[in-house]
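Colleague: Please read through the structure below; I'll follow up with questions.
The values are calculated or read from the model by the stated rules, or taken from the named source; none is laboratory data. What you are looking at is a predicted structure, and each value in this text was computed from that prediction instead of being measured. Ideal geometry is used to build each Cβ from the backbone, glycine not excepted, and the neighbour counts take in all protein chains shown. Note: areas computed on protein heavy atoms with side chains; ligands, DNA, RNA excluded. Shrake-Rupley method; radii C 1.70, N 1.55, O 1.52, S 1.80 Å.
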Amino acid sequence: VAIECTGIIFKALQISKFSELFEIVFPIIKQNPVDEDNDDSKMLVDEESKPSLELQYAAIKCLGLAWPSNESATQQKHILELMESLNILVQATTRHNQICITNCLGEIVTRWKLEPDKEEFNANVIAEIAKLLSAVLVIPKSSQLRSEALDVLGKVVKLLISETCKSNPRMVYIFRDEVAKSLDYVIKDLGSDHASKDTARELKTSLMEISFASN
């Protein structure tokens, strides 16, 4: 509860201490890439030492709410590491936490300040964002999760048509190529409601128009 409240306060008061908060809260959700060639490494993890799902939820929500506005240097310092961990975490957590991760991404995308001269860095971040959205879009039997993901995707599309992104078409191509297949899945999935299908079609059309405009 204290961690969640901290995020609410940081956002409401626009407190410029995100790096200090990140050092305290991020270790709760920090994930290290698993060595796929060594399955035994998974067995070495002490399950009892892992933070509870409830604590992970609070940390994710806190970092999303506290994500700073108009602090490009602070964002660049933490965004890639945070996105990479969220991408790993979303693959093996509860539906409740997957929704929280998606909402956290929405907070980040809404306030992400791109630096035009950081093209390679921006491309790496957008690739992680695309990977996360693609993963949650294809999770079946959760209309809320899919709806939240499509809402965040709409925010990313708005970001991609900004002046900063117009000068970096690579970002558009990376995002489009990663997300298009997941949108097709939503459109074709018999379990998708009509509203989600319509939204997915509209977003895919918007993405294709951006890529066409970038040529």
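Colleague: At a 1.4 Å probe radius, which order do HIS96, HIS78, HIS194 fall into by accessible area, largest first?
Modeller: So, going from the largest accessible area down, we get HIS194, HIS96, HIS78.
Colleague: What shape does segment 103-149 take by its C-alpha gyration tensor, where a ≥ b ≥ c are the square roots of the eigenvalues and a/c under 1.5 counts as rounded, a/b above b/c as prolate, and the rest as oblate?
Modeller: oblate
Colleague: Could you tell me which trypsin sites (Lys or Arg not before Pro) in segment 128-215 are loop residues by DSSP with no more than 14 other beta carbons within 10 angstrom of their beta carbon?
Modeller: Listed in order of number, the matching sites are LYS141.
Colleague: Under 18 Å Cα-Cα from LYS188, which lysines qualify once same-chain neighbours fewer than 8 residues away are excluded?
Modeller: Correct list for LYS188: LYS141, LYS197, LYS204.
Colleague: Across 10 Å bins from 0, what is the distribution of all Cα-Cα pair distances for segment 59-199, in whole percents?
Modeller: 12, 45, 34, 9, 0
Colleague: Leaving ligands, DNA and RNA out of it, report the carbon-plus-sulfur percent of the accessible area of the chain at a 1.4 Å probe.
Modeller: 53 percent
Colleague: With every protein chain left in place, what is the accessible area per residue of segment 121-197 in square angstrom, probe 1.4 Å?
Modeller: About 45 Å² of surface per residue is accessible.
Colleague: Could you report the accessible area of ILE161 in Å², rounded to 10, computed with a 1.4 Å probe on the protein chains as they sit in the structure?
Modeller: Rounded to the nearest 10, that gives 90 Å².
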